[in-house]
Amino acid sequence: MHRPIAAIALFLGLTAPVLAEEFRWAETTDPQTMDPHAVNSTPVLGFLNNVYEGLVRRDRDMKIEPALAVSWEPIGAGEGWRFVLRQGVKFHDGSDFTAEDVLFSYERASSEQADTASWFAPVSEVRVVDEHTVDIMTTSPNPIFPDSIANWMILDSGWAEANNAARPDKEAGNHATLNANGTGPFRVTAREPGLRTVLEPFDGWWDEATHNITRAELTPIQNPATAVAALLSGDIDFINPVPIQDTERLKQNPDVKVIQGIEARVIMLGFPHEAGALKFSDEVSDANPFADPRVRQAVAHAINVPAILQTIMRGNAEEVSQLVSPAMRGYSDAHAARPAYDPEQARALLAEAGYPDGFSFGLKCTNDRYLNDESVCQGITGMLAQVGLRAKLDAMPVQNYWPELRADNFDMFLLGWSPGTFDAEHPIRFLVATPDEEAKLGSWNFGGYSSARIDELLPLIQSEIDETKRQAMLDEVAGIVQDDMAYVPLYVQPLIWGAKANIDLTQRPDNFFILRWVTVN
Amino acid sequence: MLAFVIQRIVQSALVLLVVGLVAFSMFRFVGDPIDNMLGQERTQADIDRLRSQLGLDQPFPVQYVKFLGNAVQGNFGVSYRQGRPVSDILLERAPATLELAAVSGFLAILIGIGLGVFTAIRREGFAANAIMSLSLIGVSLPTFLIGILLIYLFSVELGWLPSFGRGDTVRVGGWSTGFLTESGLKALILPSITLGLYQMTLIMRLVRSEMLEVLRQDYIRFARARGLRERAVNFRHALKNTLVPVITVTGLQLGSIIAFAIITETVFQWPGVGLLFINAIQFVDIPVMAAYLMLISVMFVGINLIVDLLYFSIDPRLRADRTKAH
């Protein structure tokens, strides 16, 4: 299958002097490791999706499709999932892919040293049935399990053990930190951390190649102006992201194109639900006004989201009403309306809650994490001031931000959330469930929001196989969160990529750049 | 002489200790490295475990003493971001910075002294005045702006030179050099101009004013009166005496070329230690930051030492004063 294509490509390469298949791209962040289980972050998983593969993978529309497994089905009444593995798959070093590799990768990815262990929290056991069948047993029925392991990548057990990389090592690194041996369409042929990483097509790949790249090189470029200049001068074929302020200018340029989409990340405001008093207020030091849902609703009504999108985001983002965007599974159509911008009502709600003159408080915000985050916070500060909520903005780099939030040093904070499973259950588990260290629930619920009903519904949602019943419960949760205004969802952040005009590619809302969908014309 | 050297070395070591202490105590304000090393789905237990693994739960003096103890043995620890020994990473990145700094320093000295002498000798001429006015731009424009302007002019508009990176490099022993390939040499042009411009104008203005000062001295007049040729007067007598302060400043400036390389390297994505340092800050990669800062301070202290010793050999008055004082 591949040989004729290779021969044709070679023929074209010899006759046409242009080496069109060389592809160079730049991202802001270099993947910090080549180990697919060591770091659970977009730069790492997105890059390694070109090198490693999982049992399932996501297609251009984020739907799950077969990869290393050809099919899967629930076992019994939801005791687990049976995966039938693809035959004849080879790793880049030539060894065969078998059920043993799946078991090994499960043990590796769910180990304490791995950063991906949370994906396997519902798994009780993994059984090798035969060389090409694997049963993954779950403690309770788990309808979204195949969805939740789309980024779980399979390593060759022999290779990992031979190179002393049987477990990931975040701190000191090991062979798998700098080298890769996957089954994916590209193999890593050079890796210089922070400088460049070179990929070449793997000619033993089981699937049919849809790209025409012969060599791809990733260069991290931190400075946005440099990246744009590199794209304009033709030194680079693709950059991610394009700075918002440069999009209009790039769109005018016929040599490049701007690819815009909506990311899965929802930007929202959070509150200190549990706190007894405000920390940064001049007037209110013995009470916590934000514990009153009316005050939180007042905040929601006071913020003019369309204005933020138009001025600060320059039309590049979309309003959102809940903790997930409409593209995610489990989005609640019944709660698609966001509280309207209505300063009058905001003032009335504040008066009703006992704060007719408003109050001052501290707003914590990042200045290097989300697109234009600090400007958005400044905009919000101005809007809140009009109803008497006088925010003292404290913007800081994200490295200082999380420790502040963990230490409860906020009266209000900005947060962006992108659900790794592309399912509405994800933010409920991390942001809304009552924090519980043992059960690993609510680990990002900094404000300590708590709803008995949601805590009751969450395990049911996690184990409900019936889509309609599951959606009904998700709708109920979305309703509670909206009525309580546990968070004030603002907008979904945009994805803005830039490419040379002769490049065809597919943008996925998880901000993964998939090389096998790239064609150089 | 020996006593002077020993005294200077002891002072230098003290300076290093203080710099290390200040730098190390500042790391706690850069942020928490743990969040970067763990993904979104981390739990408090993961955070606590990694923190104790990295020794970040210990009090800061303990961390500093440990760091010093290891650093003395040449062990700067393992980078949090790359999971590799910091010394390996620094050695890998050093050639890029040193080559860039060497080229910019060379350009700055050569052109700086040349133009300085020229503008001093022909201080009323049109060309000299034009150079002086232009040099104001070099002093006043910030480095990143000059870099971006050069990129837009020579890469985007004209397409002559690469917009970023180091081009192809050749390995000679353990050293990766860009001097031996065409793309490597091309890639050096814009960043070295950007980096050297400020130093060049500084040296030029310094040489000019010192030279003007010297040319007014009596011994120059006597030299002229003795009928020495203009060339000999200017270069053998005037320039030589101009060089004492110039060497001081140039020495210190060479240090700041390497330190300022941070900005140039960021603008041009130049894969040197400056870029490494910037990335380390974003990632709160404490071992890399600590090693870099120590390295830079060692360099500055070393340069100061050399400058002091050069004084000795160039300016006989210093030696005379010393011997009298003792």
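The values are calculated or read from the model by the stated rules, or taken from the named source; none is laboratory data. Just so it is clear, the structure is predicted and the values come from calculations on it, not from any experiment. FYI the Cβ positions are ideal-geometry reconstructions off the backbone, even for glycines, and counts take in every protein chain you see. Just so you know, the surface numbers come from the protein's heavy atoms only, side chains and all, with ligands and any DNA or RNA stripped out. Shrake-Rupley method; radii C 1.70, N 1.55, O 1.52, S 1.80 Å.
General observations
- Mean accessible surface per residue for the protein assembly as shown, computed with a 1.4 Å probe while every protein chain stays in place, in Å²: 42 Å²
- Measuring nothing but how far apart in sequence close Cα pairs (under 8 Å, 6+ apart) lie, relative to its length, chain B scores a relative contact order of 26 percent.
- Multiplying each eigenvalue of the alpha-carbon gyration tensor of region B:127-274 by 5 and taking the square root yields semi-axes of 37, 18, 14 Å, largest first, rounded to whole angstroms.
- Label-to-label distance, B:Leu228 versus A:Ala472, with points set 7 angstrom from Cα along the beta-carbon direction: 10.5 nm.
- DSSP beta bridge pairing in the protein assembly as shown, given as percent antiparallel to the nearest 5: 75 percent
- Checking every one of the GluC sites (Glu not before Pro) in region A:193-270 against DSSP loop status and a limit of 16 other Cβ atoms within 10 Å picks out A:Glu208.
- Cα-centre dipole for region A:61-176 with unit charges at Cβ (Lys and Arg positive, Asp and Glu negative), debye to 20: 160 debye
- Selection of GluC sites (Glu not before Pro), region A:422-474, meeting DSSP coil and at most 14 other Cβ within 10 Å: A:Glu437, A:Glu438
- Annotation: aspartates and glutamates with alpha-carbon distance below 14 angstrom to A:Lys392 (same-chain offsets under eight excluded): A:Asp282, A:Glu283, A:Glu374, A:Asp411.
- Considering only A:Ala150, A:Val56, A:Thr28, the residue lying farthest towards the positive end of the dipole of the protein assembly as shown is A:Thr28, judged by Cα position with unit charges set on Cβ.
- Sparse packing (at most 14 other Cβ atoms within 10 Å of the Cβ) combined with a DSSP loop state is found for the following trypsin sites (Lys or Arg not before Pro) in region B:127-219: B:Arg216.
- Three-way shape call for region B:90-129 based on the alpha-carbon gyration tensor, with the a/c threshold at 1.5: prolate
- ³J(HN,Hα) computed for each position of region B:249-260 - Karplus, 6.51 cos²θ - 1.76 cosθ + 1.60, integer Hz, glycine/proline x: 5, 4, x, 5, 5, 4, x, 6, 4, 5, 6, 5
- In terms of the mean number of neighbouring beta-carbon atoms within 10 Å, the peptides A:312-319, A:184-191, A:294-301 order highest first as A:294-301, A:184-191, A:312-319.
- Sequence-separation-based contact order of chain A, relative, with Cα cut under 8 Å and 6+ spacing, percent: 19 percent
- The 3J(HN,Hα) values that the Karplus relation (6.51, -1.76, 1.60; θ = phi - 60°) gives for region A:316-333 are, in residue order, 9, 9, 10, 4, 9, 10, 9, 7, 10, 7, x, 6, 8, 5, x, 4, 9, 5 Hz. Gly and Pro appear as x.
- Highest-first arrangement of B:217-227, A:489-499, where packing means the average Cβ count within 10 Å: A:489-499, B:217-227
- Shielding by other protein chains, A:219-227, mean Cβ within 10 Å: 6
- For region A:380-391, Karplus couplings with θ = phi - 60° (6.51, -1.76, 1.60), whole Hz, Gly/Pro x: 4, 4, x, 5, 5, 4, 5, 9, x, 8, 8, 7
- Nearest 10 degrees, 0 to 90: helix B:86-121 Cα axis against chain B principal axis: 20 degrees
- Axis angle, to the nearest 10 degrees, between helix A:224-233 and the longest C-alpha principal axis of chain A: 40 degrees.
- Cross-link partners for B:Lys240 among the aspartates and glutamates, with Cα-Cα distance under 18 Å and sequence neighbours closer than 8 places in the same chain left out: B:Glu210, B:Glu213, B:Asp218, B:Glu230, B:Asp308, B:Asp315.
- Test item: Cα-centred dipole of region A:265-494, Lys/Arg +1 and Asp/Glu -1 on Cβ, debye: 560 debye
- Heavy-atom accessible surface of chain A: percent carbon and sulfur, 1.4 Å: 49 percent
- The protection proxy used here, the mean number of other Cβ atoms lying within 10 Å of each residue, ranks peptides B:272-283, B:152-163, B:85-96 as follows, highest first: B:272-283, B:85-96, B:152-163.
- Once the Cα-Cα distance is subtracted from the 0.36 nm per residue extended length, the A:Gln252 to A:Glu79 segment shows a gain of 56.7 nm.
- Rounded to the nearest 20 debye, the dipole size of chain B about its Cα centre is 1560 debye, using +1 on the Cβ of Lys and Arg and -1 on the Cβ of Asp and Glu.
- Heavy-atom accessible surface that A and B bury in contact, both chains counted, 1.4 Å, Å² to 100: 3900 Å²
- Cross-link check: pairs A:Lys279/A:Lys364; A:Lys63/A:Lys170; A:Lys63/A:Lys500; A:Lys251/A:Lys500 evaluated at a Cα-Cα cut-off of 23 Å; pairs beyond the cut-off: A:Lys63/A:Lys170; A:Lys63/A:Lys500.
- When Rg and the Kirkwood Rh are both derived from Cα coordinates, the Rg/Rh ratio for chain A amounts to 0.99.
- Whole-percent carbon and sulfur share, accessible surface of chain B, 1.4 Å: 67 percent
- Spin-label model, B:Ser87/B:Glu124: points 7 Å from Cα along the beta carbon direction are separated by 6.3 nm.
- 10 Å Cβ neighbours from other chains, averaged over peptide B:40-53: 5
- Just so you know, the Rg over Rh for chain B is 1.05, from Cα atoms, with Rh as the Kirkwood radius.
- Modelled this way, with points 7 Å down the Cα-to-C-beta line, the labels at A:Ala190 and A:Gln386 are 5.5 nm from one another.
- Among B:Leu153, B:Val301, A:Gln113 - extreme Cα towards positive end, dipole of the protein assembly as shown, charges at beta-carbon: B:Val301
- Test item: B:158-166 mean partner chain Cβ contacts at 10 Å: 5
- Sites B:Phe144 and B:Glu213, calculated FRET efficiency, Cβ-Cβ separation with R0 30 Å, nearest 0.05: 0.30
- Amide H contacts of A:Thr138 (H built 1.01 Å from N, under 5 Å, at least 5 apart or other chain): A:Gly80, A:Trp81, A:Ser124
- Top positive-direction residue, dipole computed over region B:49-110 with Cβ charges, set B:Phe106, B:Ala94, B:Gly55: B:Gly55
- Cα Rg, Dmax (largest Cα-Cα span) when computed across region A:265-494, Å: 16.7, 52
- Helix B:286-314 axis, angle to chain B major axis (alpha carbon atoms, nearest 10°): 20 degrees
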